[in-house]
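Taking it in order: structure first as structure tokens, then the write-up.
The values are calculated or read from the model by the stated rules, or taken from the named source; none is laboratory data. Not measured: the values here are computed from a predicted model. Because the Cβ atoms are built from the backbone with ideal geometry, glycine has one as well, and the counts that use them run over all protein chains shown. Heavy atoms of the whole protein, side chains included, go into the accessibility calculation; ligands, DNA and RNA do not. Shrake-Rupley method; radii C 1.70, N 1.55, O 1.52, S 1.80 Å.
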Amino acid sequence: MQYLKKEIKDRILASAVDEFKEHGFANASIRNIANNAEISLGNIYRYFANKEALYLAVINPFMESVKQSVEQDFVFKDKSMKEMSIIFVRFLMQYSDELLIIRKGNSVHYDKFVSYITEVISNKIREMMEESFPEIDEKIKNPEFYNAIAEGFLNSLFKILRNEDSPEVQERNARELITFYFGHMKDRFYHFDTE
């Protein structure tokens with residue numbers, strides 16, 4: 001009987017992923033989720049107290065994966081730009097549904113997620129720039145510089161991931177974006193005149 005309960009819960013979660021991905025948190029329908037999971041509406045509430053609890057059950061494992069990946073996989077020290085982009089793009093492709101759900105979801109969770117990822121990317125950009133160009137702090141005076149790049153990159157990335165292109169095309173587009181934002185970083189500021 002325990003197996004059956006897990007099977008029902010898994011069907012609810014799978015249906016919820018589709019519903020949140022398609023309609024976002026605000027417009028998602030618990031009734032549609034129940035219908036697509038082929039269970040009664042009342043049965044969903046045996047597993048999840050409300051739509052928010054169901055949404056959190058969908059995104060929390062993803063958020064935990066993001067934190068683990070940041071700590072383990074996104075340690076880019078001594079990796080080339082190509083190696084870094086492969087790791088990052090694989091991660092994005094693996095979690096493209098969850099990224100879309102968070103983008104379309106509850107704005108509090110989205111803002112928290114974007115702030116966290118922006119900080120991670122911003123710190124990595126600073127680190128890469130300082131390694132490639134030790135005098136960077138003499139050139140860059142804007143305290144929001146690295147955050148601005150990270151936010152621009154994330155906005156561009158989300159634009160790529162939300163379209164209906166195939167995963168192969170999205171992967172290629174993400175690699176192009178990564179190359180544009182982060183390729184040849186050591187050459188970026190040698191000709192920049194602060195005066």
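For first residues located in the range 148-177 and within 13 Å of V114 (Cβ to Cβ), partners that are among the aromatic types (F, W, Y) and lie 6+ apart or on another chain with Cβ distances below 7 Å form the pairs F153/Y181.
Candidates E71, E38, E22, E64: the one that is modelled with pLDDT of 90 or more and over 19 Å from L177 (Cβ atoms) is E38.
For the range 139-182, enumerate the residues that are assigned to a loop (DSSP other than H, G, I, E, B) and either among the polar types (S, T, N, Q) or modelled with pLDDT under 75 (or both). Lay out the reasoning, then the answer.
As a first pass, look at the range 139-182 and keep what is assigned to a loop (DSSP other than H, G, I, E, B): 140-144, 163-166.
Residues satisfying the conditions are N142, N163, E164, S166.
Which residue is farthest from R175 (Cα to Cα), if the candidates are limited to the range 129-138 and must be open to solvent by 30 Å² or more (accessible area, probe 1.4 Å) and in a helix (DSSP H, G or I)?
Just the residues of the range 129-138 that are open to solvent by 30 Å² or more (accessible area, probe 1.4 Å), to begin with: 130-132, 134-135, 137-138.
Checking which are in a helix (DSSP H, G or I) leaves us with 130-132, 137-138.
Working: E130: 23, E131: 22, S132: 21, D137: 28, E138: 30 Å.
The extreme case among them is E138.
A search for C-beta distances below 7 Å between a residue of the range 108-125 that is more than 15 Å from L92 (Cα to Cα) and any residue that is among the basic types (K, R), counting only pairs 6+ apart in sequence or on different chains, returns Y110/R103. Residues that are within 17 Å of G152 (Cα to Cα) and hydrophobic (A, V, I, L, M, F, W, C) within the range 101-118 comprise F113, V114, I117, listed in sequence order. Selection of the range 49-68 for residues being open to solvent by less than 10 Å² (accessible area, probe 1.4 Å) and hydroxyl-bearing (S, T, Y) yields only Y55. Of the residues making up the range 139-169, those that are under 21 Å from I86 (Cα atoms), open to solvent by less than 80 Å² (accessible area, probe 1.4 Å) and more than 17 Å from the chain's Cα centre (by Cα) are D165, S166, V169. Out of K21, K6, I need the residue that is under 25 Å from V89 (Cβ atoms) and either in a helix (DSSP H, G or I) or open to solvent by less than 70 Å² (accessible area, probe 1.4 Å) (or both). Which one? On inspection, the qualifying residue turns out to be K21.
Taking the range 33-48, which residues are hydrophobic (A, V, I, L, M, F, W, C), part of a loop (DSSP other than H, G, I, E, B) and open to solvent by 20 Å² or more (accessible area, probe 1.4 Å)? It would help to see each step written out before you state the result.
Start the filter on the range 33-48 by keeping residues that are hydrophobic (A, V, I, L, M, F, W, C), which leaves 33-34, 37, 39, 41, 44, 48.
Pick out the ones that are also part of a loop (DSSP other than H, G, I, E, B) and you get 39, 48.
Once the filter is applied, which keeps residues that are hydrophobic (A, V, I, L, M, F, W, C), part of a loop (DSSP other than H, G, I, E, B) and open to solvent by 20 Å² or more (accessible area, probe 1.4 Å), the range 33-48 yields only I39.
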